[in-house]
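Let me begin by presenting the structure, written as structure tokens, before commenting on it.
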Amino acid sequence: MIVYDLIIIGGGASGIMAAITASQYLDKILIIEKNNRIGKKILVTGNGRCNYTNAFLKTTDFNNPAFVENIFNQFDPQDTIDFFETLGIEPKIEDEGKAYPLSEQSSSFLDVFLFEIKKRNIQVELNKEVIDIFKKNDVFKVVSSANEAFLGKKVIIATGGKSMPSTGSNGSGLDLAKNLGHKITEVFPALVKLRVDSPYLKQLAGVKINTQVDLLVGNEVVQSEYGDLLFANYGISGPTILELSRKANEKLMKRLEVFVKIVLIQSLPKSKIIERFEMFKSREIDQSLIGLVNKRFINVLIKEAGIEKNNMVVGDIPKQNIFKLIDLLYDWRLKVTGSLGFDDSQVTAGGIELTEIHESTLESKLIQGLYFTGEVLDVDGRCGGYNLQWAWSSGYVAAKSACEEIRKND
Ligand SMILES: Cc1cc2nc3c(=O)[nH]c(=O)nc-3n(C[C@H](O)[C@H](O)[C@H](O)COP(=O)(O)OP(=O)(O)OC[C@H]3O[C@@H](n4cnc5c(N)ncnc54)[C@H](O)[C@@H]3O)c2cc1C
């Protein structure tokens, strides 16, 4: 029976990167993938454009900055851009350092990967879900659900987290790690749309605004984001919400009360709004708000301010309702009740406990020769190319470390 130098479980971003890296040093490399194709998730990244790295990456954009620093020091965004250029992917750097392929197609990545895998003679077993891993006499036995066994000197678990399981990442890698004795921190969806408790969602569905959104726990602001916010039937989404969702879910799991505060008016001081209502004293209230906020908010704000009719004349409305309305323009709170869950989330927060992993090689401290890459580890980053960068960097480092160990022992 063939003994592979390296078996990689999971043919996603980090697994493919590991295989290509290792192929520079090793001959017998096997990727085992449960789907009928590799890289399924890559196709849906960046809305089909694949935001594959971020030129402004900082380690503080990740949940575990100290841990990721060791890995990014070995393979950073510039290395990523250079690496993909050698494969044929020309970069296009957009706002906030987000890098996309010049082709604007995530399928370009899959095409170059398939080309490289063939050229480098990397073996791929598709439609095989790994269900067990054993180690005996320095050799790993990797068993698939069809009860097939594969032998390898080193193993990389690159199975992803639990986000968007339709792409293959169903959390089975976490179970494999657990069975091998690793601790798993609590996992929950991040970069995900939020559900809010509001009677106005149907009315507002489809509205998009560009503004500041704060996340509050009780009355305390714990995170602020600026950018697009979208209303939908189920709640709210958009880049601001995705960024806030990790902390929102973390706090909700602790049974804390979580709110988003939407700042509808950013650029005008309150005094200017007070003057405006003075000036429009004889106008109907709904008319007085035209040109100030998106029209779809007008009836909502009037109701929230306790104003009985939207055609009441401003001068006839009690002062306290006018002031309530003005306050809402600067601080409109919606109670967060949950998220759309793993099915919708872009990344999994939590994963394999990092204290059990060597921070410069990604080798298990419990089982020599076993490595982990990508989202299966307790590492997640912001939206904007950070999570794929983690996949590339961790795939590179784990493969390089495994190769060095093999060469040392041969
Ligand atoms: C909709 C969406 C958009 C995204 N957009 C971006 C973006 O633009 N930029 C960015 O940086 N990040 C983005 N991400 C996040 C990024 O795609 C992931 O962080 C990254 O793909 C994780 O790589 P990975 O190798 O750890 O896991 P994955 O890419 O999830 O790959 C894991 C692979 O392992 C296989 N597998 C799982 N279990 C087993 C098993 N037991 N046996 C065999 N095979 C198994 C799976 O089928 C899968 O192919 C996005 C995610 C989603 C869901």
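The values are calculated or read from the model by the stated rules, or taken from the named source; none is laboratory data. Quantities reported herein were computed from a predicted structural model and do not represent experimental measurements. When we count neighbours, we look across all protein chains shown, and the Cβ atoms used for this are built from the backbone with ideal geometry, even at glycine. Only protein heavy atoms, including side chains, enter the accessible area calculation; ligands, DNA and RNA are left aside. Shrake-Rupley method; radii C 1.70, N 1.55, O 1.52, S 1.80 Å.
Structural remarks
- Candidates ILE93, ILE71 - the one that is more than 12 Å from the ligand (Cβ to nearest atom), crowded, with 21+ Cβ neighbours inside 10 Å and in contact (Cβ under 8 Å) with a residue 12 or more places away in the chain: ILE71
- Taken over the stretch 56-68, the criterion of being within 12 Å of the ligand (Cβ to nearest atom) and out of contact with any Pro (no Cβ under 7 Å at 6 or more places or on another chain) is satisfied by ASP61, PHE62.
- Scope the stretch 107-128; condition part of a loop (DSSP other than H, G, I, E, B), under 27 Å from the mean Cα position of the chain (by Cα) and surrounded by 17 or more Cβ atoms within 10 Å (Cβ to Cβ); matching residues: LYS128
- Residue within the stretch 201-213 that is within 13 Å of the ligand (Cβ to nearest atom) and of a type outside the set (Lys, Arg) present: no
- The selection criterion, being modelled with pLDDT of 95 or more, more than 14 Å from the ligand (Cβ to nearest atom), within 15 Å of GLU33 (Cβ to Cβ) and touching a helix residue (DSSP H, G or I) at 6+ places or on another chain (Cβ under 6 Å), does not hold for ILE157.
- Count - residues of the stretch 386-400 that are open to solvent by 10 Å² or more (accessible area, probe 1.4 Å) and either over 16 Å from ILE8 (Cβ atoms) or away from the ligand (no atom under 16 Å from the Cβ) (or both): 4
- Residues of the stretch 20-42 classified as assigned to a helix (DSSP H, G or I), near the ligand (Cβ under 7 Å from one of its atoms) and among the aliphatic types (A, V, I, L, M), total: 1
- The single condition among (1) among the polar types (S, T, N, Q); (2) open to solvent by less than 10 Å² (accessible area, probe 1.4 Å); (3) modelled with pLDDT under 95 that SER144 does not satisfy is (3).
- Restricting THR45, THR53 to residues that are touching a Lys or Arg at 6+ places or on another chain (Cβ under 9 Å) and either at pLDDT below 95 or within 11 Å of the ligand (Cβ to nearest atom) (or both) narrows the list to THR53.
- Check on ASP214, modelled with pLDDT of 95 or more, under 23 Å from CYS383 (Cβ atoms) and among the acidic types (Asp, Glu): yes
- Some residue of the stretch 78-86 being surrounded by fewer than 18 Cβ atoms within 10 Å (Cβ to Cβ) and within 12 Å of the ligand (Cβ to nearest atom): no
- Just so you know, in the stretch 1-19 the residues that are more than 6 Å from the ligand (Cβ to nearest atom) and open to solvent by 10 Å² or more (accessible area, probe 1.4 Å) include one that is farthest from SER163 (Cα to Cα), and it is MET1.
- First in the stretch 45-59 and in contact (Cβ under 8 Å) with a residue 40 or more places away in the chain, second anywhere and more than 10 Å from the ligand (Cβ to nearest atom) and open to solvent by less than 30 Å² (accessible area, probe 1.4 Å), Cβ under 6 Å, 6 or more apart: CYS50/PHE109; THR53/PRO77; THR53/THR80; ASN54/GLY97; ALA55/PRO77; ALA55/GLY97; PHE56/GLY97; LEU57/PRO77
- Residues satisfying the stated conditions in the stretch 165-206, i.e. open to solvent by 10 Å² or more (accessible area, probe 1.4 Å), over 22 Å from the mean Cα position of the chain (by Cα) and not assigned by TED's automatic domain parsing to the domain that holds ILE352: ASP197, SER198, PRO199, TYR200, LEU201, LYS202, GLN203, ALA205, GLY206
- Search result, residues across the stretch 339-380 that are in a strand (DSSP E or B), open to solvent by 10 Å² or more (accessible area, probe 1.4 Å) and either not assigned by TED's automatic domain parsing to the domain that holds PHE62 or not charged (D, E, K, R) (or both): SER339
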